[in-house]
1. Can you name the residue in the stretch 54-83 that is assigned to a loop (DSSP other than H, G, I, E, B) and in contact (Cβ under 8 Å) with a residue 24 or more places away in the chain and is also surrounded by the most Cβ atoms within 10 Å (Cβ to Cβ) among such residues?
2. Here is a list of conditions, (1) surrounded by 16 or more Cβ atoms within 10 Å (Cβ to Cβ); (2) part of a helix (DSSP H, G or I); (3) modelled with pLDDT of 90 or more, and Val151 meets all of them except one; can you say which number that is?
3. Listed residues Ala93, Ala79, Ala62; which is more than 21 Å from Lys229 (Cβ to Cβ) and among the small types (Gly, Ala, Ser)?
4. What are the residues in the stretch 188-233 that are at pLDDT 85 or above and within 20 Å of Leu59 (Cβ to Cβ), if any?
5. Restricting to the stretch 68-124, and then to whatever is of a type in the set (Ser, Thr, Tyr) and under 22 Å from Pro223 (Cα atoms), can you tell me which residue is modelled with the lowest pLDDT?
6. Among the residues of the stretch 101-130, what is the count of those that are over 22 Å from Thr248 (Cβ atoms), in contact (Cβ under 8 Å) with a residue 40 or more places away in the chain and assigned to a loop (DSSP other than H, G, I, E, B)?
7. Please specify each residue of the stretch 93-132 satisfying the condition of being basic (Lys, Arg) and surrounded by 11 or more Cβ atoms within 10 Å (Cβ to Cβ).
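The values are calculated or read from the model by the stated rules, or taken from the named source; none is laboratory data. The model shown is predicted, which means the values in this text are computed figures rather than measured ones. For neighbour counting, all protein chains shown are included, and Cβ atoms are generated from backbone atoms with ideal geometry for every residue, glycine included.
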Amino acid sequence: MKTMHLLIIATVIASVPTLGLAQRSDKVPVKPSDLPPNNATLAKDAAAGEKLQQLGSQLADAKTSSEVRDALVQMVNAATTENGFVDLMGRIAKQDRDRVGDVRTENLDDLHKVIRQFRDDFRARYHQEFSLKPEHLKDANVNLGTVKDSVTVSLSDLEKNPAVPPAPGTGDLPTPLKTNDGMSKDIPAHTGLSMVSGPTINLIREGSSATATDMNAWKVNIPNEITAKQLKQNLTMHLRKLDDQKSTWSDDANSTSRAVAAQVLLVST
């Protein structure tokens, strides 16, 4: 009998650890993702974040930058010239041209009227015709895009001061055109990297690398939701706004020309 009691006690004692293990196995196991990251993981994530931050902020080479600026100059001049709307539409990407279709059926009377008034007022103020030149955009940063044969240009670089308060008692509206110093030295010099900020315009190079070597190869990539009618209406609106604020234009024609370029190019963003 004593031997039987000892066997029962031994059996109970032996079962205690088993029960404990059974209870612990009911707990939810710890996932690897729940563990704190080690130093190697943190370093890898930091490097990836830095790479993403610089994506699209690397300056293009001098040749590409020159071609892109020339293309933008031609686009602005087409947009501010009577009967230039068809030429303007020819400077957007092929996929957008195919999407918007034939623009020659659009009624452009309002746009032509606004363009005539703007050019008359520019001529009266500066005693010269409005004609954007590559040097007006020479300091606008052209950055490599996220895909091959694409670039972005920050329009915020074309204007130093987004607005200045109206002169007391004049009733002038705040304007993005007049700079504090009235001089043309209002575009900051770029360095090796330029973080893209503010409104940007996107361009793609069409054609083969063997033939797409000049400004005509670079086309503006407009948002898919913009139609020809909307582009016409937006351009009319922006030019009218510019002309309505002619009393606050900068005294320097070059500064005003850059600001006009920025406002016109905003239409395609």
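1. Just the residues of the stretch 54-83 that are assigned to a loop (DSSP other than H, G, I, E, B), to begin with: 55-57, 60-61, 80-83.
Going one step further and asking which of them are in contact (Cβ under 8 Å) with a residue 24 or more places away in the chain, we end up with 55-57, 60, 80-83.
Values: Leu55: 13, Gly56: 18, Ser57: 16, Ala60: 18, Thr80: 23, Thr81: 16, Glu82: 12, Asn83: 11.
If we take residues in the stretch 54-83 being assigned to a loop (DSSP other than H, G, I, E, B) and in contact (Cβ under 8 Å) with a residue 24 or more places away in the chain, then Thr80 is surrounded by the most Cβ atoms within 10 Å (Cβ to Cβ).
2. All conditions pass for Val151, except number (2).
3. On the way: Ala93 fails: more than 21 Å from Lys229 (Cβ to Cβ); Ala79 fails: more than 21 Å from Lys229 (Cβ to Cβ).
Of the residues listed, the single one that is more than 21 Å from Lys229 (Cβ to Cβ) and among the small types (Gly, Ala, Ser) is Ala62.
4. Of all residues in the stretch 188-233, those at pLDDT 85 or above come to 200-206, 217-233.
Within the stretch 188-233, Thr200, Ile201, Asn202, Leu203, Ile204, Arg205, Ala217, Trp218, Val220, Asn221 meet the criteria.
5. Looking only at the stretch 68-124, we keep the residues that are of a type in the set (Ser, Thr, Tyr), and these are 80-81, 105.
Restricting the remaining residues to those that are under 22 Å from Pro223 (Cα atoms) gives 80, 105.
On the way: Thr80: 97, Thr105: 84.
That would be Thr105.
6. 4
7. From the stretch 93-132, those basic (Lys, Arg) are 94, 97, 99, 104, 113, 116, 119, 123, 125; that's our starting set.
The answer is Lys94, Arg97, Arg99, Lys113, Arg116, Arg119, Arg123, Arg125.
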